[in-house]
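K.L.:
Encoded as structure tokens, here's the structure I'll be asking about.
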Amino acid sequence: MATRKLLLLPGDGIGPEAMAEVKKLIDMMNADFNAGFETEEGLVGGCAYDAHGQSISDADMDKAMAADAVLFGAVGGPKWDGVPYEVRPEAGLLRLRKEMELFANLRPAICYPALAATSSLKPEVVEGLDILILRELTGGVYFGEPKEIIDLGNGQKRGIDTQVYDTYEIERISGVAFELARTRSNRVCSMEKHNVMKSGVLWKEVVANTHKAKYSDVELTHMLADAGGMQLVRWPKQFDVIVTDNLFGDMLSDVAAMLTGSLGMLPSASLGAPDEKTGSRKALYEPVHGSAPDIAGQGIANPIAMIASFAMCLRYSFNMVEEADRLEKAIASVLDDGLRTKDLMSEGMTEVGTTAMGDAIVAKY
Ligand code: ATP
Ligand code: MG
């Protein structure tokens with residue numbers, strides 16, 4: 001049986017606590033289901049800086065490049081506020097994204113039935129919600145040149161950012177969107193602002209051409225990104241996969257995140273291009289939340305975002321679709337049973353710590 005190579009980068013704060021619960025799942029899947037996971041561990045973020053003065057070492061970078069998938073916890077914390085900018089904890093994650101060329105960021109917004117009642121929106125709006133926002137991660141206005149502040153004299157300055165997208169960048173992200181849609185409800189909504197942006201005109205055109213050339217079985221719609229934000233809050237269940245650029249994706253995925261309630265619930269995946277020979281892609285999976293220094297070390301962190309990120313890893317890196325479904329059902333089931341970490345607590349529920357939540361999910365799997 002093929003081995004499946006995982007690099008674990010737990011990081012700082014609650015990262016290691018959440019990762020410990022994923023390790024239990026990996027051990028169980030190896031022991032009971034002969035899953036063949038081979039794990040290595042590395043350092044990233046503040047702990048890496050403490051160990052060797054870099055936010056990620058070249059050796060760990062090499063391990064990330066060689067792994068089938070990377071599981072990433074979280075980085076940072078007040079302890080490292082004063083470290084030089086180039087070696088700040090977040091630089092480790094940015095280096096991973098850049099060198100692994102992770103251009104496709106997947107952010108699912110799923111509302112577990114047991115949590116619909118405590119959402120900030122009406123239960124009927126979010127109940128059964130299962131959408132996926134696909135954000136382009138390596139291009140657009142965050143990286144385009146020129147990018148500068150010019151002194152115009154007379155006390156006036158000019159800040160400049162440039163939105164740049166080339167055809168190939170839009171083709172590859174829309175390809176991922178259509179492929180993902182085929183494994184879901186087969187619908188893609190592309191969001192841009194072609195009414196005011198040239199890059200938006202090109203975006204819309206290239207998405208439409210990619211659709212026509214290779215994916216005409218998938219239903220494609222286009223929406224202006226501002227209207228999209230409004231629709232996302234009004235009736236999110238109209239969407240399946242939303243594909244959009246780096247900036248709009250940053251905002252829309254945060255909006256979508258709030259539809260589901262807690263930060264402690266949200267997984268993400270970042271994927272690279274498929275290898276020409278093997279078809280496999282580089283991939284990194286991480287919870288949306290950060291290192292939560294305020295609760296680190298107390299055993300109260302919610303491990304579900306990290307565990308759900310591992311479920312995405314099973315689905316997208318190893319094509320273990322049944323196993324991913326089963327793990328997501330195990331999460332839903334412990335919530336149905338009324339187990340809640342502190343961040344999810346509401347009246348009548350049973351409060352549990354990180355370890356007990358992890359154990360309950362392992363037991364349900
Ligand atoms: P970063 O800049 O790394 O994203 P942040 O300060 O923006 O960090 P988080 O570290 O995610 O955000 O923390 C925001 C708040 O949410 C904190 O109060 C934290 O305790 C809480 N929080 C985040 N993740 C979890 C979790 N898994 N379980 C419980 N509470 C969490
Ligand atoms: Mg944050």
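K.L.:
By counting other Cβ atoms within 10 Å of each Cβ, how are Tyr316, Tyr142, Tyr49 ranked from fewest to most? Don't skip to the end; give the middle numbers.
P.N.:
Numbers: Tyr316 21, Tyr142 15, Tyr49 24.
Least crowded to most crowded, the residues run Tyr142, Tyr316, Tyr49.
K.L.:
Same structure again: Non-local amide H neighbours of Ala109 (under 5 Å, H modeled in plane, Pro and chain starts lacking H): which ones?
P.N.:
Ile131, Leu132, Ile133
K.L.:
Same structure again: Assuming R0 = 30 Å, can you tell me the calculated FRET efficiency for the pair Leu94 and Asp294, based on Cβ-Cβ distance, to the nearest 0.05?
P.N.:
Efficiency for this residue pair is about 0.80.
K.L.:
Right, next: Per DSSP H run of n ≥ 4, the term is -39500 (n - 2.57); total these for the chain, divide by its residue number, and report the mean residue ellipticity at 222 nm rounded to 500 deg cm²/dmol. Don't skip to the answer; put the middle values down first.
P.N.:
On the way: 12 runs with 148 residues, N = 365.
Computed ellipticity for the chain at 222 nm equals -12500 deg cm²/dmol.
K.L.:
What's the magnitude of the charge dipole for the chain around its Cα centre, counting Lys and Arg as +1 and Asp and Glu as -1 at the beta-carbon? Answer in Debye, nearest 20. Can you show the working numbers first?
P.N.:
On the way: 36 positive and 53 negative charges, 152 e Å.
Using Cβ point charges on Lys, Arg, Asp and Glu, the chain gives about 720 debye.
K.L.:
Summing +1 for each Lys or Arg and -1 for each Asp or Glu, what net charge is found among the other residues whose Cβ lies under 12 Å from the Cβ of Leu266?
P.N.:
-2
K.L.:
Oh, and also: Full extension from Asp58 to Ala31: what is 0.36 nm times the residue separation minus their Cα-Cα distance, to one decimal in nm?
P.N.:
Working: separation 27, 0.36 × 27 = 9.72 nm, distance 3.21 nm.
Length gained between Asp58 and Ala31: 6.5 nm.
K.L.:
Could I ask something else about it? Give me the number: length gained by fully extending His222 to Tyr85, i.e. 0.36 nm times residue separation minus the C-alpha to C-alpha distance, one decimal in nm. Please report the intermediate quantities before stating the final value.
P.N.:
On the way: separation 137, 0.36 × 137 = 49.32 nm, distance 3.97 nm.
Extra length from His222 to Tyr85 when fully extended: 45.4 nm.
K.L.:
Right, next: Distance check, please: which entries in Lys98/Lys277; Lys282/Lys342; Lys157/Lys193 exceed 25 angstrom between their Cα atoms?
P.N.:
Cα-Cα > 25 Å for Lys282/Lys342; Lys157/Lys193; rest within.
K.L.:
Neighbouring Cβ atoms within 10 Å as the yardstick, rank Asp50, Asp32 fewest first. Before the final figure, lay out each step's value.
P.N.:
On the way: Asp50 13, Asp32 9.
Ordered by Cβ neighbours within 10 Å, fewest first: Asp32, Asp50.
K.L.:
Further question: Of all the C-alpha pairs in region 130-258, what % are more than 26 Å from each other?
P.N.:
Taking all Cα-Cα pairs of region 130-258, the fraction more than 26 Å apart is 24 percent.
K.L.:
Taking the DSSP beta bridges in the chain as the whole, what percent of them are antiparallel, to the nearest 5?
P.N.:
In the chain, DSSP labels about 45 percent of beta bridges as antiparallel.
K.L.:
Another question, if that's okay. Measuring from the lowest to the highest alpha carbon on each principal axis, how far does region 107-186 reach, largest first, in angstroms?
P.N.:
58, 33, 13
K.L.:
What is the local net charge at Arg158, summed over the other residues whose Cβ is closer than 13 Å to its Cβ (Lys, Arg +1; Asp, Glu -1)?
P.N.:
Computed value for this residue: -1.
K.L.:
Given region 162-218 reduced to its alpha-carbon atoms as identical point scatterers, what log10 I(q)/I(0) does the Debye formula return at q = 0.19 Å⁻¹?
P.N.:
Summing over Cα pairs of region 162-218 leads to -0.63.
K.L.:
Now for a different question. How high is the FRET efficiency between Lys24 and Thr3 when r is their beta carbon distance and R₀ equals 22 Å, given to the nearest 0.05?
P.N.:
Computed FRET efficiency for Lys24 and Thr3 comes out at 0.65.
K.L.:
Just want the ordering: Thr167, Thr341, Thr39, Thr244, from fewest to most Cβ atoms lying within 10 Å of their own Cβ. Don't skip to the end; give the middle numbers.
P.N.:
On the way: Thr167 13, Thr341 22, Thr39 16, Thr244 27.
Ordered from fewest to most neighbouring Cβ atoms within 10 Å, Thr167, Thr341, Thr39, Thr244 come out as Thr167, Thr39, Thr341, Thr244.
K.L.:
Between Phe143 and Glu179, take the C-beta separation as r, use R0 = 41 Å, and let me know the FRET efficiency to the nearest 0.05.
P.N.:
Numbers: r = 24 Å, r/R0 = 0.59.
Plugging the Cβ-Cβ distance into 1/(1 + (r/R0)^6) gives 0.95.
K.L.:
Taking Rh as the Kirkwood radius, which is the inverse of the mean 1/r over Cα pairs, what is the Rg/Rh value for the chain? Provide the component values of the computation, followed by the final result.
P.N.:
Values: Rg = 20.7 Å, Rh = 21.4 Å.
We get a ratio of 0.97 for the chain.
K.L.:
List the DSSP H helices in the chain whose Cα atoms stretch 18 Å or more along the helix axis and whose mean Kyte-Doolittle hydropathy is at least -1.0.
P.N.:
Details: long enough: 15-33 (26 Å, -0.05); 167-182 (22 Å, 0.04); 198-214 (24 Å, -0.51); 246-259 (20 Å, 1.01); 304-317 (19 Å, 1.42); 321-336 (22 Å, -0.05).
Going by DSSP H runs, the hits are 15-33, 167-182, 198-214, 246-259, 304-317, 321-336.
Here, each number is a calculation from the coordinates, and none is a lab measurement. Everything numeric here is computed off the predicted structure, so don't read it as measured data. Glycine also receives a Cβ, built like all others from the backbone with ideal geometry; neighbour counts cover every protein chain displayed.
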